[in-house]
Amino acid sequence: MKQNSRRADKRYPCKSPMTFLPFDDFGQPPCKDVVRSKIIDVSDSGMRIRLRGRTLEEGMVLLVNVPLSSEPVTVPSLAQVKWIRKEKPGTYEAGLKYVLR
């Protein structure tokens, strides 16, 4: 994968399912509707995901459940949507940046 000069951290391919809960208002608890997505690649500062049937907005904060390995264990973390790109009808990719790392 070609490294973009704007990126400070190297990306690593990752084909793993992931779930998240979006915050509609960061001052309130996250939505209760779990959203399923797939991680495309990860770095020390964030990740790129693919999701279907749901759009996100730039700046939106998500409570992501990041899988650790092949074990059924996840680590909750906060991430902010930095960009969104429509891939095909109903399918989107989004770049997430970890809020705390």
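Overview of results
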{"read-out": "Where Cα atoms sit under 23 Å apart: lysine pairs in the chain separated by 8 or more or lying on different chains", "value": "23"}
{"read-out": "Dipole magnitude of region 12-98, debye to nearest 20 (Cβ charges: Lys/Arg +1, Asp/Glu -1, about Cα centre)", "value": "380"}
{"read-out": "Region 50-101: GluC sites (Glu not before Pro) in DSSP loop, at most 14 other beta carbons within 10 Å", "value": "57, 58"}
{"read-out": "Those residues of region 73-100 whose amide nitrogen sits under 15 Å from the label point placed on residue 58, 7 Å along Cα→Cβ", "value": "80-86, 93-97"}
{"read-out": "Within-12-Å neighbourhood charge of residue 67 [Cβ basis; K, R +1; D, E -1]", "value": "+1"}
{"read-out": "Residue 74 versus residue 50: modelled label distance in nm, points set 7 Å from Cα along the beta carbon direction", "value": "1.9"}
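Read-outs throughout are calculated quantities, based only on the coordinates presented, and are distinct from any laboratory measurement. All values derive from a computational prediction rather than experimental measurement. Don't worry about glycine lacking a Cβ; one is built from the backbone with ideal geometry, like all the others, and counts go over all protein chains shown.
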